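Remarks on the structure that follows.
The values are calculated or read from the model by the stated rules, or taken from the named source; none is laboratory data. Keep in mind that this is a model prediction, so the values were computed, not measured. Cβ atoms come from the backbone with ideal geometry, glycine included; neighbour counts cover every protein chain shown. Side chains are part of the model used for accessible areas, which takes the heavy atoms of the whole protein and leaves out ligands, DNA and RNA. Shrake-Rupley method; radii C 1.70, N 1.55, O 1.52, S 1.80 Å.
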Amino acid sequence: MNPTASDVTPTPASRLRCINCGNVADHAEQDFRCPNCGDLFEVFYPRWDASRRAGASGPDSQSLKQLWRDRKTALAPADTSGVWRFRELLPALKPGYEPITLREGNTPLFDLPRCARSAGVDALQAKHQGMNPTASFKDTGMTTAASFARQENFHWVACASTGNTSASMAAYAARGGMRSLVLIPEGKISWGKLSQSLDYGAVTCQLRTDFDGCVRVLNDLVRRKPIYLLNSVNPYRLEGQKTAAIELLEQLSWDSPDHIIVPGGNLGNSSALGKALIEMKDLGLISRLPKLSVIQAEGANPFFRSIREHGGKQLIPTEADTLATAIRIGNPASWKKAQRVLEATQGTVEQVSEVEIAIAKAEIGSDGVGCEPASAVTLAGLKKLVRQGFVKKNEGIILVLTGHVLKDPEFTLKFHRGDLFTGSVHEKEAATMVDQQRAPFVLDANTESVIRVLDEFDAKKST
Ligand code: F0G
C-alpha cells in the first residue's frame, strides 16, 4: 500500500525566526520585519530541530521520496501542484483552507548542448522556471504566500515589482478571490509583464521611480492600510520558491549537481533555493551540497560588490541600470540570506556585461529553449566561472532559467535586428553579437526570393 502523508510524518509546525537577532514569532507584522531589530524573518520547523537534537534526522527521507513520487499520479489539486506536492517541507495551512494553485512547479529540466559547447563544458542543463503558469519562477512562491494571505482574510494583496512578481501576484489573487495592487517603475518593465497584470485584473500603478522607489512606497503603504505584502521579504514566498530545488534534485534522482547558477536581483530566489539545499542535506534527502552561485548584471551589481569589496559584511545600495529589467535592483532585500547561502554552499558571485547577457540569451534560444534577458546572466556568468577555473568542464552544472522568452519580445527583436545597443556606450562591444543575430527578411511574395535567401544562408554557413 502506498504511504500517505500521515503515515510518514505529521506536517511540521512552522514558526518564524529573525535572521539577525533570532527572535521567534508565530505571526509577523504587515511589513514582515522583526519588531526587535527590523531584519527579515525566515520560516523554520521546530520539530526538525528537536529531532536533530535527539539524534534523529527529522522526517524519514526514503518515505518522503516515495510519497512525493506517488503524488505525481494523484489527482487532488494539491498533489498536481509541483509546490504543494512537497508540502511536508512547507508551512501548513490551517484545516479547512485549500491552497490557491495554478498547477505551478512541475517545470522541465533541459539539456543545452550548444550552450555547453559555447561555455566550454562537457554538459549543461537548465531548470526552466519560465515554464510556470504565468511564465516565471514567481508562481512557486506566490501559491504559498497568496494562500496564507487568504487564510488570514486579507481582501487586498500588493507588491512592488520589476514585472514578474506583479504578473504572478495578479493571477493568484484573481484565482483566490482577492484584490491586488501592483506598484511598478514607470517605463522600466517589459510590456509582456505589464499586460499580464492588467489582464489578471490588478490595480496597476506605474510610479515615476525605480523598483527600489516602489518598494519604499509599498513598505509605507502596508503600515497604513490592511494590505498583505507579497514581496519576497514575505518568508512564505521563499518557502514555495524553495521547492524548485527539491523538484530539481528529484529530477536528478537525488544526486546533487556540482553547481547551481542563478540570476540575482532582490536575492529572494537564491536565498530560497539555498534554504532548500541546506534543509535537504540536513534531512538526509541529499548527501552533499551543490555550490550555489549568483550572477548579477554589471549595471545592477550591489551584491557582487558587497561580497567582493566588503566580504559580504555590508551592502551599499547602488543606482541600478540594465536592459535585463527584471533584475534592475539596487537595494536587494534578501542580501544577508543570500550571503549565508553562498557561504554554506561554497558558491560564488559574478557580474556580466549587457552584451554578454544579450549573446547568452540568443545562445539559450538557439538550443530551442529560450528565456528572458535576466535568466541569461546564468550562461554568461558560467562562461566566466569556467574561465576562472571555479567550474570544471566535467562537473554537473544546472542553470536556473527564471523567465520565459516571451516575457520581453522587444529585447529579442531589437537584438536580432541589430539595434539593441544603438547609440549606447555598448555599441562597439555589440559588434561581437553578429554571429547570433537573425534579422527577419522582408521579401516579395515569390518563391525565387525565398530560395535566394536559403542559398545565401547555406553559402554563408559553408564558409
Ligand atoms: N529573473 C527574473 C526573470 C526575475 O523576474 C527576477 C526578479 C529575478 C531573476 C531575480 O530574482 O529577485 O529573487 O533575486 N524579479 C522580481 C520581480 C524582483 O519583481 O518580478 P530575485
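So, in Å, what gap is there between the alpha-carbon centers of segment 220-262 and segment 265-315?
12
With axes computed from alpha carbons, what is the tilt in degrees of helix 211-224 against the longest principal axis of the chain, rounded to the nearest 10 within 0 to 90?
The helix 211-224 is inclined about 30 degrees to the chain.
Only bridges whose two residues both fall in the chain count here: according to DSSP, what percent of them are antiparallel, nearest 5?
Numbers: 11 of 40 bridges.
Close to 30 percent.
How large is the Rg to Rh ratio of segment 116-211 when both quantities use alpha carbon positions and Rh follows Kirkwood?
On the way: Rg = 15.7 Å, Rh = 14.2 Å.
Radius of gyration relative to Kirkwood radius: 1.10.
Looking at the calculated P(r) for segment 161-228, what percent of the C-alpha pair distances fall above 15 Å?
On the way: 1090 of 2278 pairs.
In whole percent, the share of Cα-Cα pairs in segment 161-228 beyond 15 Å is 48.
Along the positive direction of the dipole of the chain (beta-carbon charges: Lys, Arg +1; Asp, Glu -1; about the Cα centre), which of Val425, Leu109, Ser63 reaches farthest?
Selected residue: Ser63.
Counting Lys +1, Arg +1, Asp -1, Glu -1, what net charge surrounds Ile307 among other residues with beta carbon under 11 Å of its beta carbon? Please report the intermediate quantities before stating the final value.
On the way: positive: Arg305, Arg308, Lys313; negative: Glu309, Glu343, Glu350.
Combined, the nearby Lys, Arg, Asp and Glu give 0.
Choose one of Cys21, Phe41, Leu249: the residue whose Cα lies farthest towards the positive end of the charge dipole of the chain (beta-carbon charges +1 Lys, Arg; -1 Asp, Glu; about the Cα centre).
Ranked along the dipole, the leading option is Cys21.
Quick one: putting +1 on the C-beta of Lys and Arg, -1 on the C-beta of Asp and Glu, what dipole do you get for the chain around its Cα centre, in Debye to the nearest 20? Please report the intermediate quantities before stating the final value.
On the way: 55 positive and 52 negative charges, 213 e Å.
That gives a dipole near 1020 debye.
Run the 1.4 Å probe and let me know the accessible area of Met131, rounded to the nearest 10 Å².
Roll a 1.4 Å probe over it and Met131 shows about 80 Å².
Would you compute the Debye intensity of segment 26-91 from its alpha-carbon atoms alone, equal scatterers and no solvent, and pass along log10 I(q)/I(0) at q = 0.12, 0.14, 0.25 Å⁻¹ to two decimals?
Rounded to two decimals, the profile gives -0.50, -0.64, -1.01.
Would you report the distance distribution of C-alpha pairs in segment 423-463 as whole percents per 10 angstrom bin, up to the bin with the largest distance?
Computed distribution, short to long bins: 22, 37, 26, 14, 0.
Report, by chain and number, residues whose modeled amide H sits under 5 Å from the one on Asn106, excluding near sequence neighbours (fewer than 5 apart, same chain).
Amide H to amide H, under 5 Å and 5 or more residues apart or across chains, Asn106 pairs with Gly82.
About its Cα centre, how strong a charge dipole does segment 278-422 have in debye, to the nearest 20, once Lys and Arg get +1 and Asp and Glu get -1 at the Cβ?
Working: 19 positive and 17 negative charges, 110 e Å.
The calculation lands at about 520 debye.
Using just the alpha carbons, could you tell me how many Å³ per residue the convex hull of segment 222-261 encloses? Don't jump to the answer; show the numbers that get you there.
Values: hull volume 2.9 nm³, N = 40.
Convex hull of Cα atoms, per residue: 73 Å³.
Local charge sum around Gly396 (other residues, Cβ-Cβ under 9 Å, Lys/Arg +1, Asp/Glu -1)?
On the way: positive: none; negative: Asp255, Asp258, Glu395.
So the surrounding residues net to -3.
Equivalent-ellipsoid semi-axes (√(5λ), Cα gyration tensor) for the chain, whole Å, largest first?
Working: eigenvalues 262, 131, 100 Å².
Gyration-tensor ellipsoid for the chain: 36, 26, 22 Å.
Taking the Cα atoms of segment 328-407, report the difference between the largest and smallest coordinate on each principal axis, in whole Å and largest first.
Taking the Cα atoms of segment 328-407, the three principal extents are 34, 33, 20 Å.
Pick out, from Thr318, Ala276, Gly192, the residue whose Cα sits farthest towards the positive end of the charge dipole of the chain, with +1 on the Cβ of Lys and Arg and -1 on the Cβ of Asp and Glu.
It is Ala276.
Can you give the Rg/Rh ratio of segment 336-463, where Rg is from the C-alpha atoms and Rh is the Kirkwood radius? Provide the component values of the computation, followed by the final result.
Working: Rg = 18.2 Å, Rh = 17.0 Å.
We get a ratio of 1.07 for segment 336-463.
Under the classification rounded if a/c is under 1.5, otherwise prolate if a/b is larger than b/c and oblate if not, where does segment 213-332 fall, given a ≥ b ≥ c as square roots of the Cα gyration tensor eigenvalues?
Oblate, because a/c is 1.5 or more while a/b does not exceed b/c.
Over segment 17-164, what number does the Rg to Rh ratio reach, with both radii from the alpha-carbon atoms and Rh per Kirkwood?
Details: Rg = 18.7 Å, Rh = 18.4 Å.
Rg divided by Rh gives 1.02.
Taking the convex hull of the alpha carbon atoms in segment 319-370, what volume per residue do you get, in Å³? Before the final figure, lay out each step's value.
Values: hull volume 5.9 nm³, N = 52.
In segment 319-370, the Cα convex hull volume per residue is 113 Å³.
In segment 48-111, which trypsin sites (Lys or Arg not before Pro) are in a loop and have at most 13 other Cβ atoms within 10 Å, using DSSP for the loop call?
Numbers: sites: Arg52, Arg53, Lys65, Arg69, Arg71, Lys72, Arg85, Arg87, Arg103; in loops: Lys72, Arg103.
Passing both the DSSP loop test and the Cβ count: Lys72.
About the Cα centre of segment 187-307, what is the dipole size in debye to 20, counting +1 per Lys and Arg Cβ and -1 per Asp and Glu Cβ, all else neutral? Walk me through the intermediate numbers first.
Details: 14 positive and 12 negative charges, 115 e Å.
Rounded to the nearest 20 debye, it is 560 debye.
List the trypsin sites (Lys or Arg not before Pro) within segment 154-214 that fall in a DSSP loop (any state other than H, G, I, E or B) and whose Cβ has at most 12 other Cβ atoms within 10 Å.
Working: sites: Arg175, Arg179, Lys188, Lys193, Arg208; in loops: Lys188, Arg208.
Sparse-neighbourhood loop trypsin sites (Lys or Arg not before Pro): Arg208.
Count charges around Ala135 for me, please; just the other residues with Cβ under 10 Å from its Cβ, Lys/Arg as +1, Asp/Glu as -1. Before the final figure, lay out the partial values.
Values: positive: Lys138, Lys193, Lys407; negative: Asp139, Glu372.
That sum, taken over residues with Cβ under 10 Å, equals +1.
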